[in-house]
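Colleague: Submitted below is the structure of interest, expressed as structure tokens.
The values are calculated or read from the model by the stated rules, or taken from the named source; none is laboratory data. Keep in mind that what you see is a predicted model, and the values were worked out from it rather than measured. Because the Cβ atoms are built from the backbone with ideal geometry, glycine has one as well, and the counts that use them run over all protein chains shown.
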Amino acid sequence: MNLTLKIWRQKDSNAKGQMVDYKVTDISEHMSFLEMMDVLNEQLVNTGEEPVAFDHDCREGICGMCSLYINGEAHGPDRGVTTCQLHMRMFKDGDTITIEPWRAAAFPVIKDLVVDRTSFERIQQAGGYISVNTSGNTQDANAIPISKHAADEAMDAATCIGCGACVATCKNSSAMLFVGAKVSQYALLPQGQVEATDRVMNMVKQMDLEGFGNCTNTGACEIECPKGISLENIARMNREFLKATIKG
Amino acid sequence: MSGFLKSSIGRKVAMALSAFFLMFFLIIHLAVNITSLFSPDLFNELSHFMGTNPLVQLALQPVLIFGVVFHFVMGFVLELKNRKAIGVKYAQNNGAANSTWMSRNMIISGVVVLAFILLHFIDFWIPELNVKYIHGDMSGLLPDGESYRYFEELQHKFVSPIRVGAYVIAFVLLGLHLAHGFTSAFQSMGATAGRKKTMQQIGKAYSVIIPLGFIIIALFHHFNH
């Protein structure tokens, strides 16, 4: 198939940036979206132009590196997939595809389609962990009784790959689905209880400091999340926050 | 408390709490007003009670006004913070692919409802304050001194088709605001109930019945004065 691509080009974080049109031809419908981007970049290199910078790593939908706002949706028009898993069969011959970086004040553009997502790292560092003594006699985690239901829900929350599609999709650039998932994965397990109060307070505080917006409960994040992280995790975070506020 | 209201979740919880109070108030308001459709006497009695009872006037009314003002001020604060968080806008954004118009435009429906409340205050609340607390007439009677004035004043207000039209439009927007706000308030409070089918159905019913009730009252008195 032959396509017209409208891509955001921005030299560096201080440059103004603009949408630039490109043509790609003979794209196979079996290609992934990133493979199509590879074809474009080869074309650009061959003509002496600067290739389009975009994030990618595992290309298996696990690492959370790829992003891209494609035709007005995070990770494109398909559901439950990252951009690397999005296939060109989702598009038609002759289509014009708009490709933009994640947009959020807390995700500044570094170059072209690459954004700085280290704000997520700082939120994690603020409390997204449990402190375990590893002096040599660490207890086997499997020795702690955990209900199947709690283990499954914690695992569901833990499948968040931190790609930032929730923020990119949210009309308020809110990070509450991400933070909700990271709070939930510990809140559901006994190992997470010891630091539960500090965790939610510190992670929410860091989220606010990073300049993410507030949740309006539109549910868009849940729909666009490639891992299907449920809004239930935001409700759980809200409960944890209220509990922690009352406990002090 | 100020620390709590400085956090994003604290603000949303405060929005939800004021929303619950306002949604409860709407039920009471509609219950009183609906009596005007079938019993002017009952409407007059209830209006007089609500307008003169010290508990309602001195305790509930200030709480209600605080609730209304707080909900709107916090709504604007959240909107401004959210706009700041967005940064550069997308060239193409397909919001309809993943969310409802109501959920994305609470500020629009909210501003229309705010404009309506200002009109409503000018129409009913300020004249009430004037009669009761400036002129000191707590009798609730018409100049003839025989019967209550409330029903007649209500009918008089709905003579103008422009006012009735403005009320109808505002109530439709109120319905759209409630269609998202009802279940959203539960979610903000951390309750899973807002995500359950039963509560969503109750929310839908509430967001239709309450505005429709007020629309029927306005139209009824417009065509039956």
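Colleague: Only one residue in B:Phe121, B:Phe43, B:Phe66 is under 17 Å from the mean Cα position of the chain (by Cα), surrounded by 15 or more Cβ atoms within 10 Å (Cβ to Cβ) and among the aromatic types (Phe, Trp, Tyr), so which one is that? Outline the logic, then answer.
Modeller: Numbers: B:Phe43 fails: under 17 Å from the mean Cα position of the chain (by Cα); B:Phe66 fails: surrounded by 15 or more Cβ atoms within 10 Å (Cβ to Cβ).
The match here is B:Phe121.
Colleague: Of all residues in segment B:158-192, count the ones that are touching a helix residue (DSSP H, G or I) at 6+ places or on another chain (Cβ under 6 Å), of a type in the set (A, V, I, L, M, F, W, C) and either facing another protein chain (nearest Cβ under 9 Å) or in contact (Cβ under 8 Å) with a residue 60 or more places away in the chain (or both).
Modeller: Qualifying residue count for the region: 10.
Colleague: Let me ask you something else. On the basis of being at pLDDT below 95, of a type in the set (D, E, K, R), under 18 Å from B:Leu30 (Cβ atoms) and touching a helix residue (DSSP H, G or I) at 6+ places or on another chain (Cβ under 7 Å), does B:Asp123 make the cut? Explain how you work it out, then say what you get.
Modeller: Working: at pLDDT below 95: yes; of a type in the set (D, E, K, R): yes; under 18 Å from B:Leu30 (Cβ atoms): yes; touching a helix residue (DSSP H, G or I) at 6+ places or on another chain (Cβ under 7 Å): yes.
The answer is yes for B:Asp123.
Colleague: Then there is this: Which of the helices (runs of 4 or more DSSP H) contained wholly in segment B:1-110 include at least 1 residues that are in contact with a Phe, Trp or Tyr (Cβ under 8 Å, 6 or more places away or on another chain)? Steps first, answer last, please.
Modeller: On the way: elements: B:2-6, B:8-34, B:40-52, B:61-86, B:101-104.
Fully inside segment B:1-110 and qualifying: B:8-34, B:40-52, B:61-86.
Colleague: In segment A:102-122, which residues are in a strand (DSSP E or B) and surrounded by 21 or more Cβ atoms within 10 Å (Cβ to Cβ)?
Modeller: Within segment A:102-122, the subset in a strand (DSSP E or B) is A:109-111, A:114-115.
If the condition is that a residue be in a strand (DSSP E or B) and surrounded by 21 or more Cβ atoms within 10 Å (Cβ to Cβ), then A:Val109, A:Val115 are the ones that fit.
Colleague: Taking segment A:208-233, which residues are surrounded by 24 or more Cβ atoms within 10 Å (Cβ to Cβ), more than 7 Å from chain B (Cβ to nearest Cβ) and closer than 17 Å to B:Lys12 by Cβ?
Modeller: A:Cys221, A:Asn233
Colleague: Kindly establish whether B:Val88 is over 26 Å from B:Ile209 (Cβ atoms), in contact with a helix residue (DSSP H, G or I) (Cβ under 8 Å, 6 or more places away or on another chain) and within 12 Å of chain A (Cβ to nearest Cβ). Spell out the reasoning first.
Modeller: Details: over 26 Å from B:Ile209 (Cβ atoms): yes; in contact with a helix residue (DSSP H, G or I) (Cβ under 8 Å, 6 or more places away or on another chain): no; within 12 Å of chain A (Cβ to nearest Cβ): yes.
Considered against the rule, which asks whether it is over 26 Å from B:Ile209 (Cβ atoms), in contact with a helix residue (DSSP H, G or I) (Cβ under 8 Å, 6 or more places away or on another chain) and within 12 Å of chain A (Cβ to nearest Cβ), B:Val88 comes out as no.
Colleague: Here's a check for you: in segment B:194-217, which residue that is exposed (fewer than 15 other Cβ atoms within 10 Å of the Cβ) and more than 27 Å from B:Ile34 (Cα to Cα) is farthest from the other protein chains (Cβ to nearest Cβ)?
Modeller: This residue is B:Lys197.
Colleague: Just need a number here: residues in segment A:123-157 that are over 25 Å from A:Ser230 (Cβ atoms), touching a residue at least 40 places away in the same chain (Cβ under 8 Å) and assigned to a helix (DSSP H, G or I).
Modeller: 0
Colleague: Specify which of the listed residues (A:His75, A:His30, A:His56) is at pLDDT 95 or above and farther than 30 Å from A:Ala158 by Cβ.
Modeller: Working: A:His75 fails: farther than 30 Å from A:Ala158 by Cβ; A:His56 fails: farther than 30 Å from A:Ala158 by Cβ.
Checking each option against the conditions leaves just A:His30.
A quick yes/no check of all residues on (1) closer than 24 Å to B:Gly75 by Cα; (2) touching a strand residue (DSSP E or B) at 6+ places or on another chain (Cβ under 8 Å):
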| residue | (1), (2) |
| --- | --- |
| B:His135 | no, no |
| B:Ser139 | no, no |
| B:Tyr148 | no, yes |
| B:His180 | yes, no |
| B:Ala185 | yes, no |
| B:Gln201 | no, no |
| B:Phe223 | no, no |
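Colleague: Hey, another quick one. Of the conditions (1) surrounded by 15 or more Cβ atoms within 10 Å (Cβ to Cβ); (2) of a type outside the set (A, V, I, L, M, F, W, C); (3) away from every other protein chain (no Cβ under 14 Å); (4) free of Cβ contacts under 8 Å to residues at least 40 places away in the same chain, A:Gly162 satisfies every one except a single condition; which number is it?
Modeller: Answer for A:Gly162: the failing condition is (4).
Colleague: I'd like to know if segment A:167-176 contains one or more residues that are touching a strand residue (DSSP E or B) at 6+ places or on another chain (Cβ under 6 Å), under 21 Å from A:Ile229 (Cβ atoms), in a helix (DSSP H, G or I) and hydrophobic (A, V, I, L, M, F, W, C). Walk me through it before giving the result.
Modeller: In the first step, residues of segment A:167-176 are kept if they are touching a strand residue (DSSP E or B) at 6+ places or on another chain (Cβ under 6 Å); the result is A:168-169, A:172-174.
Of the ones still in play, those that are also under 21 Å from A:Ile229 (Cβ atoms) are A:168-169, A:172-174.
Retained after the next criterion (residues that are in a helix (DSSP H, G or I)): A:168-169.
Within this subset, residues satisfying the condition of being hydrophobic (A, V, I, L, M, F, W, C) are A:168.
Yes, segment A:167-176 has at least one match.
Colleague: Then there's this: With assigned by TED's automatic domain parsing to the domain that holds A:Leu40 and of a type in the set (Asp, Glu) as the only criterion, which of A:Asp93, A:Asp140 stands out?
Modeller: Details: A:Asp140 fails: assigned by TED's automatic domain parsing to the domain that holds A:Leu40.
After ruling out the rest, the residue left standing is A:Asp93.
Colleague: Sort out which residues of segment A:65-101 are β-branched (Val, Ile, Thr), under 26 Å from A:Ala15 (Cα atoms) and not in a strand (DSSP E or B), and write them in order of number. If you could, list the steps in order and put the result at the bottom.
Modeller: Keep residues of segment A:65-101 that are β-branched (Val, Ile, Thr), which gives A:70, A:81-83, A:96-99.
Filter again for under 26 Å from A:Ala15 (Cα atoms), leaving A:70, A:83, A:96-99.
A:Thr83 - this is the single residue of segment A:65-101 that is β-branched (Val, Ile, Thr), under 26 Å from A:Ala15 (Cα atoms) and not in a strand (DSSP E or B).
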